Amino acid sequence: MTDSCPGCGLNFRREPGQWLGSWFLNVCLVQAVVILILAVGVGVTWPDPPIVAIGILTGVSALVVPVLFFPFSRTIWVAIDLVMTPLGFNDGVAPGFELSEDLERLRIERSNGGVGD
């Protein structure tokens, strides 16, 4: 993953330990997939479930799913982080990415001499 967004310049590593959240998302998804495979595999084949086949399938999914989901977990975590900690002036984002509504509100405030609505 690149260090910053090529479009707006957002630094993806805003704080130390930034990627622990994406790791957590990845672990949660793998656990959910493994439990789902176990539950469906045993439920569909009850009363004589093929334990070895279900075990192999869950083992393979526990190794493959985190690798496949890794880029998505990072992207999702960046979005979650932006919701929890909105952009500040020191985040280095290009000024063209400001919301037009916020810009208009700022212009109105400045024209009123700092007095709000």
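The values are calculated or read from the model by the stated rules, or taken from the named source; none is laboratory data. If you're wondering where the values come from, they're calculated on a predicted model, not measured in any experiment. Cβ sites come from the backbone with ideal geometry, for glycine too, and all protein chains shown count toward neighbours.
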Under 9 Å between Cβ atoms, at least 6 apart or on separate chains: pull out the pairs that start in segment 45-65 with a residue that is free of Cβ contacts under 8 Å to residues at least 24 places away in the same chain and end on any residue that is exposed (fewer than 11 other Cβ atoms within 10 Å of the Cβ).
-> Pro49/Gly43
Taking segment 5-57 and keeping residues surrounded by 13 or more Cβ atoms within 10 Å (Cβ to Cβ) and over 24 Å from the mean Cα position of the chain (by Cα) leaves Leu38, Gly41, Val42, Thr45, Pro49, Ile54, Gly55, Leu57
Could you pull out the residue among Val83, Val78, Val34 that is among the β-branched types (Val, Ile, Thr) and farther than 22 Å from Leu10 by Cβ?
-> Val34
Of the residues in segment 17-49 that are touching a helix residue (DSSP H, G or I) at 6+ places or on another chain (Cβ under 8 Å) and outside any helix (DSSP H, G or I), the one that is modelled with the highest pLDDT is Pro49
